[in-house]
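The structure under discussion appears below in the form of structure tokens.
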Amino acid sequence: MKLMLLAGMGGAIGASARYLVGVACAVWFPVSFPWATFAVNVIGSFLMGIIVAAWMPLFGGSPAVRVFLATGFLGGFTTFSAFALDIFELSEQQGLLSLVFYVAGSVALSVLALGLGLLLVRTVLE
């Protein structure tokens, strides 16, 4: 229960930070490119690297710190950072085939699933 609450608190902070990045990007870059999503994905992945490589060893791999920061904060800020960490870990632990399957499968199936969801709802609503 404690870890779930930490994930929720971190997620609320991360989602709020993501909102603020969106507001800032709308002011700084008023063009039709998804700068906010681009920014949070890059920033979140950078922060995930810092958390995993430096911060976590400082706290002895504390599950509470990892859940609050990695799952909670960065999960609310961007899930792309978790995807990037998975890719890096697969490249180190399981090899190229697993890596390619995970990346290609995640991207292709996620885009396909989104399209199917849109199609389903649009078909039902028409």
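Couple of notes before you dig in:
- Between the C-alpha center of the stretch 6-38 and that of the stretch 79-126 there is a gap of 21 Å.
- When the solvent-accessible area of the chain is split by element, carbon and sulfur atoms take up 77 percent of it, the probe being 1.4 Å.
- Spin-label pair PHE88-TYR19: with each label point 7 Å from Cα along the Cα-Cβ axis, the two points sit 2.9 nm from one another.
- Of the DSSP H helices in the chain, those whose Cα atoms cover at least 20 Å axially and whose Kyte score averages -0.5 or more: 2-28, 35-50, 96-125
- Taking label points 7 Å from Cα along the Cα-to-Cβ direction, THR37 and LEU125 give a separation of 1.7 nm.
- Per-residue HN-Hα couplings for the stretch 61-77 [Karplus 6.51, -1.76, 1.60; θ = phi - 60°; Hz; x = Gly/Pro]: x, 3, x, 5, 5, 4, 5, 5, 7, 6, 6, x, 4, 6, x, x, 6
- Counting only protein heavy atoms and a 1.4 Å probe, the chain has 68 square angstrom of accessible area per residue.
- For the chain: span of alpha carbons on each principal axis (Å, largest first): 54, 41, 33
- Remark: the PHE46-ALA12 segment gains 10.3 nm on full extension, using 0.36 nm per residue and subtracting the alpha carbon distance.
The values are calculated or read from the model by the stated rules, or taken from the named source; none is laboratory data. Bear in mind that the values here come from a model prediction, so they are computed numbers and not experimental data. Ideal geometry is used to build each Cβ from the backbone, glycine not excepted, and the neighbour counts take in all protein chains shown. Accessible surface is based on the protein model in full, side chains and every heavy atom, while ligands, DNA and RNA are left aside. Shrake-Rupley method; radii C 1.70, N 1.55, O 1.52, S 1.80 Å.
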